[in-house]
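Heads up, the thing below is written out as structure tokens.
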Amino acid sequence: MTQEPPRPAPRAVPGPVPDQTERALTSLDDALRPLDTLVDRPVDEHPAVFDAVHESLRRTLTEPDS
């Protein structure tokens, strides 16, 4: 039986600092929060909520990091 060569240790992947990640997740949670109200709304109001959430997500995801 042949032995496999040792695998290199995984390298750290650069990414946002935790504070930036936390802020981004909070912004996304805020943008999605109106979806929680759909159960209490008549179905004919749902498209307006979806449009508002879509616009909020678009703004949140395209605004430059601060």
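The values are calculated or read from the model by the stated rules, or taken from the named source; none is laboratory data. Note that the structure is a prediction, hence the values are computed from the model and not measured. All Cβ positions, glycine included, derive from the backbone under ideal geometry; neighbour counts span all protein chains shown.
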Collect the residues in segment 36-46 that are under 21 Å from the mean Cα position of the chain (by Cα) and either exposed (fewer than 13 other Cβ atoms within 10 Å of the Cβ) or among the charged types (D, E, K, R) (or both), keeping them in residue-number order. Asp36, Thr37
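Of the residues Ala48, Ala9, which is out of contact with any Asp or Glu (no Cβ under 9 Å at 6 or more places or on another chain), hydrophobic (A, V, I, L, M, F, W, C) and at pLDDT 85 or above? Write out each step before concluding.
On the way: Ala9 fails: at pLDDT 85 or above.
Result of the check over Ala48, Ala9: Ala48.
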Could you list, ordered by first residue, the pairs with Cβ atoms under 8 Å in which the first is in segment 40-65 and in a loop (DSSP other than H, G, I, E, B) and the second is of a type outside the set (S, T, N, Q) and surrounded by fewer than 13 Cβ atoms within 10 Å (Cβ to Cβ), at least 6 apart or interchain? Asp65/Pro16
